[in-house]
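The values are calculated or read from the model by the stated rules, or taken from the named source; none is laboratory data. Predicted model only: the values in this text are computed from it and were never measured. All Cβ positions, even for glycine, are placed from backbone atoms using ideal geometry, and neighbour counts span all protein chains on display. Note: areas computed on protein heavy atoms with side chains; ligands, DNA, RNA excluded. Shrake-Rupley method; radii C 1.70, N 1.55, O 1.52, S 1.80 Å.
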Amino acid sequence: MAVPVTNIEIEQGTDFTSNFTITNTDGSVFDMDGSTAVAKMKKFPTTGTAYTFTAGITTSTGIITLDMADTITTDIPAGRYYYDILLTKSDSDKIRVQQGMALVTAGIS
């Protein structure tokens, strides 16, 4: 399966939430029953500090929800980052199901 690319924007100092619907190539809901998801963001894919999202799965609808609290986004320097979502299926297979760029915009207040 080709990994879908979706760019996101995170406002520094605010709570972030985004939903991603994971589907098969035919448009049906991707089977995530018994799976876990991990999502991280880095300035460069191979180096640097990783910022971890809280990832929740709704298996019946194929939705993965990423959350990051304001206490975390406050400490992320403004700029462009890379992120991805890695799914570990119940049989231990690992699949990248989403990736893209994350733009962290500077906060004033």
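Below, the figures for the structure above:
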item	result
Qualifying residue in the range 7-14 (condition: of a type in the set (V, I, T), in a strand (DSSP E or B) and either under 13 Å from V104 (Cβ atoms) or in contact (Cβ under 8 Å) with a residue 60 or more places away in the chain (or both))	yes
Among (1) more than 9 Å from the chain's Cα centre (by Cα); (2) at pLDDT 95 or above; (3) under 18 Å from I8 (Cβ atoms), the one test that F53 misses	(1)
Residue tally, condition open to solvent by 80 Å² or more (accessible area, probe 1.4 Å) and in contact with a Ser or Thr (Cβ under 7 Å, 6 or more places away or on another chain), over the range 37-66	1
Positions within the range 67-109 being surrounded by 16 or more Cβ atoms within 10 Å (Cβ to Cβ) and over 18 Å from I22 (Cα atoms), in sequence order	M68, I72, T73, I76, Y81, Y82, A102, V104
Residue satisfying condition, being among the polar types (S, T, N, Q) and touching a helix residue (DSSP H, G or I) at 6+ places or on another chain (Cβ under 6 Å), within set T52, T14	T14
Check on G34, part of a loop (DSSP other than H, G, I, E, B), at positive phi and in contact with a Lys or Arg (Cβ under 9 Å, 6 or more places away or on another chain)	yes
